[in-house]
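One structure is given below, encoded as structure tokens.
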Amino acid sequence: MDARPASGRLERIASHERNPKWRNPPLRIEMSECINCDACLRHCPPQFGAIFNHGIDVIIIPELCSGCDKCLDPCPVNCIYPDPDWSPAPDDWWEEPLGPRDSYAAVTNR
Ligand code: SF4
Ligand code: SF4
């Protein structure tokens, strides 16, 4: 048994669990306001790697989001919000981490 549950991105992807040490809530993207510019996606630190293009949406997987806020400033329309009452990511969102559109995977897999 791993003594450090969800401590790394691969563990979080495998377990679908946030790191229990993260104090900040995850963030969410308000899809009705998002203009799909991808700026947030490029600013999410790869050790978290929480933001993905998913169909026509840009999504934050809450279990991978540390709440570091690095995606906030780059967003031109300020449509990223704290989500203290977050719900688990839908099953189809989990198709993105480590998939062909995971731009963070090269760092994760070192
Ligand atoms: S708060 Fe940090 S970890 Fe979460 S999506 Fe934004 S940049 Fe990524
Ligand atoms: S930076 Fe803002 S507008 Fe651009 S994709 Fe991210 S959430 Fe959407």
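Taking the chain as a whole, which cysteines find no other cysteine Cβ under 4.7 angstrom from their Cβ?
CYS34, CYS37, CYS44, CYS65, CYS68, CYS75, CYS79
Just to verify a number: FRET efficiency for SER7 and LEU72, C-beta to C-beta distance, R0 = 25 Å, to 0.05?
0.55
GNM, the chain, Cα, under 10 Å: largest mean-square fluctuation among PRO74, PRO46, PRO84?
The residue that fluctuates most here is PRO84.
What FRET efficiency, computed as 1/(1 + (r/R0)^6) with R0 = 35 Å and r the Cβ-Cβ distance, is obtained for ILE56 and TRP22, rounded to the nearest 0.05? Mind dumping the intermediate values first?
Numbers: r = 29 Å, r/R0 = 0.83.
Calculated transfer efficiency: 0.75.
Longest segment of the chain with no GluC sites (Glu not before Pro) in a DSSP loop having at most 16 other Cβ atoms within 10 Å?
34-110
Quick note: the coordinates plus some simple rules give every number you see, no bench work behind them. Everything numeric in this text was worked out from a predicted model, so none of it was measured. When we count neighbours, we look across all protein chains shown, and the Cβ atoms used for this are built from the backbone with ideal geometry, even at glycine.
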